[in-house]
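Asker: First, the structure itself, so that you have it in front of you.
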Amino acid sequence: MEDTEELRRIMKEVVDFFDVLVQMRYHSRKTFKVSFINGKVKSIDSGTLAGLGVRVWVDGIWGFSSTTDLSKDGMFNTVKSALNAAKLGKGLKEERVRELRNSPVTGDLFVEENKPLDSVPIEEKIELVKKLDSQPRKMSDKVVSTNAMYMEMIDEKIIVTSYGTDVYYRDPKSDLRLSVVVSNGNEMEFGYSSFGATGGWKELFRRYSSDEMIEEAVRIAIDKLGAKYAEGGDHTVVLHPSLVGVLAHEAIGHTVEADFVLSGSIVKGKLGEKVASDLITLVDDPNPNIEKGAAGILLVDDEGNETTKVTIIGNGILKSYLHDSETSALFNVENTGNARAFTYSDEPIIRMRNTYIMPGESDPEEIISSTKSGYYLKGLGGGGQADANAEFMFGVLEAWKIENGKLVHPVREVTISGQAFDVLSSVDMVGNDFMFTLGAGYCGKFQPAKVDAGGPHLRCRVKIGGRK
Amino acid sequence: MDIMKFMKEKIDGLKAKIVRSGLKKVEIFLQRRNFKRVFFEKNELKTLNQDDLVGVGIRVVENNRQGFSFTNDPNEVFEVFDRAKELARLSEEDEYLDLPEPKECVLVEGIYDDRFEEFDLERTLMLGKKMVEIPRRVDGRVSLDSAELTITVMENLVWNTLGLELSERKTTALFFLMGMAVEDDKVSSFDYVADASVESSDLDERIEKSARVFANRVISSLGAKSCPSYKGKVLLSFSLTLKMFRKAEAPGLVN
């Protein structure tokens, strides 16, 4: 922290020198990764990536430049490079805002960090991943392949802007993943479990232990061996929070990113309209109280602005898009602080943080017991795709047939598809439970971003891809 | 400051330290990436970007155990070597771990075009502008979500204690267009076209062709109807067939 004070002072001096809008962001990332495959180390590596990203705004055009030269001269040259770039675009933008909408943050920001990641010995992390990789094979002779990985990123940022930001921010994130492949001699099936967090070691293991993670991955894979196939067509389904999170992030969340809205996403011009069941309230939250340690926590965005909780859909009504300083000015609304950059050499763009559907009033067991016929679907398996028109198709990691309110047998190779807003309009029960489930994932949009997503159990109608 | 020159000086010092350390298997990989990038959003220019990035990765194999560490800070290269050594000590044995021995190496021809060294940001911008103007000239219903053109000049160097020392220069022009077609309430599928070239001579032609393909692709899915559940014969394109096989193979390959 002391080392960064001098850097912060020089950054302020350089930013103050220029009479244009400047965003200066120092971003240091220390990473550590260990992975094992089938009893062998695949990689054990660590690294540092640090530098300065500078954006300058002139006549509606951003000039961006980055450097690893953290001397005062280096900073001056980087601002000049960004300024020259911005000036090259002068007059080329027709639809521009006169002034960006900023809500600058000052101070030193820390997330809740119980047992900081950098205080846990490397040996302990290696042993953990070794156990994740080896234990499944000891549990069942059906396990033919394993792959385990731990990864951490400890970010430190200093953001100084010409509009008043002066902030230090420590942001540690980690994730743990295990995949297993099982075989009964005729068929192979896949199981997967993962979790991720912002904070320390205790935040990472806040919900599950490593033993529970192993049991879960092995159970998922073995349950599917010999399972029946689902019946294709429109069905009533009960979605586990892991799929609710996928729906919230992939199928809805991307369509409400304001840059995407401006390009013509399906929700353009639909603010104030009913887009989902009254039971649905969907938010994007930078620091959720609903469950501590979510992987997408963001205390200040990468334009140096305050991050705020956004109600995207409130009781079925489309309420807000996700904004940065430019789109909030263009839409004449508050800046929500969704501008994020993955590394110092990436430019901040609009990204989600922790996107979730708020819990309702139904007991999850009651949701299943009150379902006469349908499927219970859990986890994202085999990838998927969501479109600008909110059409989606996702693979499902594990599924069960529901008959007369009971889970009767597992089914496999299920896909779900539909239009996300139609699906949310069909919701008739929302659970009173809650879980973040996408913490190990990275969202991709030109550059990665650590996000989280989740929700409660909910019941709705979707199209199921099956064999019958 | 010439960051590459500074990094190379530090690496020279490190090589001497590695030789003195008596370690038999250490590898240094150095990369410089200089790029100019123009980025467009919602049919308009958003960002111009130029960067010169340098990074170093160090791999240590000791007693059949491997450690790897990296940095982009020239002042940290000695520390990175120590970290890689420490990780190798903590790692697990793998009898197949080794470093490549020096052998006659034929460098790949045609991946470096020195004319890209002369591309400045202004020229990159002109090409980018042309790229984003074409789709809307083809059909006014095309809405560009984003588009990017990046010209990269890259230099890679690898050195190891077994005597291997190689360097390579590469150039690429990488571009993509993403977006959809919009007409009244109808929105097409979100789609993209991306292409890349290692030489500058056919870049104009490639950009024009890709921009037209993109426009026609998003227009063709405008007004498409949702498909009911269906089981029966379908006609698969070559690219879709390839993707299906890749998906089917992927878990087996990964595991």
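The values are calculated or read from the model by the stated rules, or taken from the named source; none is laboratory data. Owing to the predicted nature of the structure, the values given are computational and were not obtained by experimental measurement. Counting neighbours? That spans all protein chains shown, and the Cβs are built from the backbone with ideal geometry, glycine included.
Asker: State all residues of region B:47-63 that are more than 26 Å from B:Ala16 (Cβ to Cβ) and touching a residue at least 12 places away in the same chain (Cβ under 8 Å); if no residue qualifies, say none. Lay out the reasoning, then the answer.
Answerer: So the first thing to find is which residues in region B:47-63 are more than 26 Å from B:Ala16 (Cβ to Cβ), and the list is B:47-52.
Matches in region B:47-63: B:Leu48, B:Asn49, B:Gln50, B:Asp51, B:Asp52.
Asker: Out of (1) over 14 Å from A:Gly439 (Cβ atoms); (2) surrounded by 16 or more Cβ atoms within 10 Å (Cβ to Cβ); (3) away from every other protein chain (no Cβ under 14 Å); (4) at pLDDT below 95, the odd one out for A:Val238 is which?
Answerer: (4)
Asker: Right, here's the next one. Got a number for residues in region B:133-152 being buried (at least 22 other Cβ atoms within 10 Å of the Cβ) and closer than 16 Å to B:Thr47 by Cα?
Answerer: As a first pass, look at region B:133-152 and keep what is buried (at least 22 other Cβ atoms within 10 Å of the Cβ): B:135, B:142-149, B:151.
Keeping just the survivors that are closer than 16 Å to B:Thr47 by Cα gives B:144-149, B:151.
Qualifying residue count for the region: 7.
Asker: Shifting gears a bit: Within region A:83-105, how many residues are surrounded by 14 or more Cβ atoms within 10 Å (Cβ to Cβ) and more than 14 Å from chain B (Cβ to nearest Cβ)?
Answerer: Qualifying residue count for the region: 5.
Asker: Which one of A:Glu112, A:Glu127, A:Glu123 is among the acidic types (Asp, Glu), within 30 Å of B:Glu93 (Cα to Cα) and more than 8 Å from chain B (Cβ to nearest Cβ)?
Answerer: On the way: A:Glu112 fails: within 30 Å of B:Glu93 (Cα to Cα); A:Glu123 fails: more than 8 Å from chain B (Cβ to nearest Cβ).
Checking each option against the conditions leaves just A:Glu127.
Asker: Still on this structure: Would you confirm whether any residue within region A:164-183 is without any contact (Cβ under 8 Å) to a residue 60 or more places away in the chain, out of contact with any helix residue (DSSP H, G or I) (no Cβ under 6 Å at 6 or more places or on another chain) and surrounded by fewer than 16 Cβ atoms within 10 Å (Cβ to Cβ)? Spell out how you get there, then give the answer.
Answerer: Narrowing region A:164-183 to residues without any contact (Cβ under 8 Å) to a residue 60 or more places away in the chain: A:174, A:178-183.
Now drop any that are not out of contact with any helix residue (DSSP H, G or I) (no Cβ under 6 Å at 6 or more places or on another chain), which leaves A:179, A:181, A:183.
From the residues that got through so far, the ones that are surrounded by fewer than 16 Cβ atoms within 10 Å (Cβ to Cβ) too are A:183.
Yes; the residues of region A:164-183 include at least one that is without any contact (Cβ under 8 Å) to a residue 60 or more places away in the chain, out of contact with any helix residue (DSSP H, G or I) (no Cβ under 6 Å at 6 or more places or on another chain) and surrounded by fewer than 16 Cβ atoms within 10 Å (Cβ to Cβ).
Asker: Condition first: closer than 21 Å to A:Arg177 by Cβ and more than 14 Å from chain B (Cβ to nearest Cβ). Can you find one or more residues in region A:403-426 that meet it?
Answerer: No, the conditions are met nowhere in region A:403-426.
Asker: For region B:72-91, state whether one or more residues are more than 9 Å from every other protein chain (Cβ to nearest Cβ) and basic (Lys, Arg).
Answerer: Just the residues of region B:72-91 that are more than 9 Å from every other protein chain (Cβ to nearest Cβ), to begin with: B:75, B:77-78, B:81-82, B:85, B:89.
Filter once more, keeping what is basic (Lys, Arg): B:85, B:89.
Within region B:72-91, one or more residues are more than 9 Å from every other protein chain (Cβ to nearest Cβ) and basic (Lys, Arg).
Asker: Please return the ranges of strands (runs of 3 or more DSSP E) entirely within region A:12-75 where 2 or more residues are among the basic types (Lys, Arg).
Answerer: Details: elements: A:21-37, A:40-58, A:61-67.
So the answer is A:21-37, A:40-58.
Asker: Can you pull out the residues in region A:57-95 that are farther than 17 Å from A:Gln23 by Cβ and touching a helix residue (DSSP H, G or I) at 6+ places or on another chain (Cβ under 9 Å)? Reasoning before the result, please.
Answerer: Applying the first criterion (farther than 17 Å from A:Gln23 by Cβ) to region A:57-95 yields A:68-69, A:71-73, A:88, A:90-95.
Hits for region A:57-95 are A:Thr68, A:Asp69, A:Ser71, A:Lys72, A:Leu88, A:Leu92, A:Glu95.
Asker: Any chance you could count how many residues in region B:149-184 are closer than 14 Å to B:Val108 by Cα and among the small types (Gly, Ala, Ser)?
Answerer: Of the residues in region B:149-184, 1 are closer than 14 Å to B:Val108 by Cα and among the small types (Gly, Ala, Ser).
Asker: So, in region A:136-154, exactly how many residues are surrounded by fewer than 21 Cβ atoms within 10 Å (Cβ to Cβ), part of a helix (DSSP H, G or I) and within 14 Å of another protein chain (Cβ to nearest Cβ)?
Answerer: Adding up the residues that qualify gives 1.
Asker: Sticking with this structure for a sec: Quickly run through region A:429-464 and pick out the residues that are outside any strand (DSSP E or B) and of a type in the set (D, E, K, R).
Answerer: Of all residues in region A:429-464, those outside any strand (DSSP E or B) come to A:432-434, A:437-441, A:446, A:451, A:456-457.
Listed by number, the list holds a single entry, A:Asp433.
Asker: Taking B:Ile219 as the residue in question, decide whether it is of a type in the set (Val, Ile, Thr), more than 10 Å from chain A (Cβ to nearest Cβ) and under 30 Å from B:Arg115 (Cα atoms).
Answerer: Numbers: of a type in the set (Val, Ile, Thr): yes; more than 10 Å from chain A (Cβ to nearest Cβ): yes; under 30 Å from B:Arg115 (Cα atoms): no.
Taking the combined requirement at face value, the residue does not satisfy it.
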